[in-house]
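The values are calculated or read from the model by the stated rules, or taken from the named source; none is laboratory data. Since this is a predicted model, take the numbers as computed values, not measurements. All Cβ positions, even for glycine, are placed from backbone atoms using ideal geometry, and neighbour counts span all protein chains on display.
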């Protein structure tokens, strides 16, 4: 009996030890796109890079978006190799979505002084989940073709088009909220529609009937339907809830205000009225990018909502900082670009993640010549070690890593930061336990239950046998 009790206590202890293994919340991996070297967009440029000092500084311990954010300074000393003066057009490309964040601010300095630049928003970057996938897709032509002042040429609309706006004004004195639906049928399956102010919509492909809906409480609200192709008859009904077959209610009022409006006017109103877009995207309202995403939304959707536009704006794309640098004959100048670097997070092997940073050096080959690259990495106190680097970096006494190269390396830069000098076998064991917390929890709980039942059965059986012996 004592042996069974001891076994049960031991199993309970081991099970509790397994169950209390904890895991960090959040994703196991999170990919961030690499930085890209400065590029000249002039053919046969006479400008050479005498040296580049590339510095990654993580000393501020800044974190955001599942990564550690570092300050990057790419400082180029350049020379005009010709006796005649020239103006060199340069581009610094990077990859971001369009939400206005502090991490996306870029600074360009010429001989230590800030210079003005133009921002161009290029193609969407195809979604990838590793640096190897992305590297295969990077084409310089794809980056540079976005540097243009020409207006975007749409496929699915014309700028001068005029549409028909139906603004449904809704009011109610009810104490309870109701759900209002506006339904209409279109004759043309290719009709282009916008809706705003609704929180639901649906359509029937067989009948071409559309329904948009919104909740109505004690405050005035409205819904928009903007049609570019045809006029329509709209039926408005109220329901006690938003579920199917909800009872109809009629104690509310509505008015449909109709007017003709140009597409450009309505689209600007459409964007500015949305707090998420107008408060987060710091781009002039007439910028090409808004019309590019509109064109894409009209290609994809039966009706376009603000959410469709927002989702397209959040996709990562090339952002290009373009500026001009004048050179006198044989003159040298220093050009510096400062920006924030975000690395790819990975904790597939460890409890605490590693962070990998990449910088594409190969675009620098488009300069007339490139010499003397110095790479310097200043780690943070909490992540002081580079545990992997494809280019030779030497750790100095102060903890800084430095690499020097007389010419442009054949490989792009890639290095990984970690809290320890290496990932040990024990780190991997702990990481595996952390990733499988829930499996261990439920598995341990199930085993605990089965073992408890098994041991309880043994105890009952032993008690029954003991009772029988007493009565014999």
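Name every residue in segment 237-267 that is under 24 Å from residue 189 (Cβ atoms) and either crowded, with 17+ Cβ neighbours inside 10 Å or outside the structural domain of residue 185 (by TED's automatic domain parsing) (or both), in order of residue number.
Of everything in segment 237-267, those that are under 24 Å from residue 189 (Cβ atoms) and either crowded, with 17+ Cβ neighbours inside 10 Å or outside the structural domain of residue 185 (by TED's automatic domain parsing) (or both) turn out to be 263, 266, 267.
Hey, does segment 176-197 have a residue that's in contact with a strand residue (DSSP E or B) (Cβ under 7 Å, 6 or more places away or on another chain), under 25 Å from residue 268 (Cα atoms) and loosely packed, with under 13 Cβ neighbours inside 10 Å?
No, segment 176-197 contains no residue that is in contact with a strand residue (DSSP E or B) (Cβ under 7 Å, 6 or more places away or on another chain), under 25 Å from residue 268 (Cα atoms) and loosely packed, with under 13 Cβ neighbours inside 10 Å.
Count, please, the residues in segment 412-428 that happen to be in contact (Cβ under 8 Å) with a residue 40 or more places away in the chain and outside any helix (DSSP H, G or I).
Final tally of qualifying residues: 9.
Looking at segment 391-404, which of its residues are surrounded by fewer than 16 Cβ atoms within 10 Å (Cβ to Cβ), touching a strand residue (DSSP E or B) at 6+ places or on another chain (Cβ under 6 Å) and in contact (Cβ under 8 Å) with a residue 12 or more places away in the chain?
Correct list: 402, 404.
If I ask for residues that are in a loop (DSSP other than H, G, I, E, B) and surrounded by 17 or more Cβ atoms within 10 Å (Cβ to Cβ), which ones from segment 369-383 would you list?
Pass one, segment 369-383, residues in a loop (DSSP other than H, G, I, E, B): 369, 379-383.
Of everything in segment 369-383, those that are in a loop (DSSP other than H, G, I, E, B) and surrounded by 17 or more Cβ atoms within 10 Å (Cβ to Cβ) turn out to be 379, 380, 383.
Only one of these conditions is not met by residue 330: (1) surrounded by fewer than 16 Cβ atoms within 10 Å (Cβ to Cβ); (2) within 27 Å of residue 398 (Cα to Cα). Which number is it?
With respect to (1) surrounded by fewer than 16 Cβ atoms within 10 Å (Cβ to Cβ); (2) within 27 Å of residue 398 (Cα to Cα), residue 330 is out only on (2).
Condition (residue is part of a loop (DSSP other than H, G, I, E, B), touching a helix residue (DSSP H, G or I) at 6+ places or on another chain (Cβ under 6 Å) and modelled with pLDDT under 85) applied to segment 124-134: is it met by at least one residue? I'd like the intermediate steps shown before the answer.
Of all residues in segment 124-134, those part of a loop (DSSP other than H, G, I, E, B) come to 125-130.
Restricting the remaining residues to those that are touching a helix residue (DSSP H, G or I) at 6+ places or on another chain (Cβ under 6 Å) gives 126, 128.
Still in the list and also modelled with pLDDT under 85: 126, 128.
Scanning segment 124-134, I find at least one residue that is part of a loop (DSSP other than H, G, I, E, B), touching a helix residue (DSSP H, G or I) at 6+ places or on another chain (Cβ under 6 Å) and modelled with pLDDT under 85, so the answer is yes.
Please specify each residue of segment 50-90 satisfying the condition of being touching a helix residue (DSSP H, G or I) at 6+ places or on another chain (Cβ under 7 Å) and closer than 22 Å to residue 108 by Cα.
So the first thing to find is which residues in segment 50-90 are touching a helix residue (DSSP H, G or I) at 6+ places or on another chain (Cβ under 7 Å), and the list is 64, 69.
Scanning segment 50-90 gives a single hit, 69.
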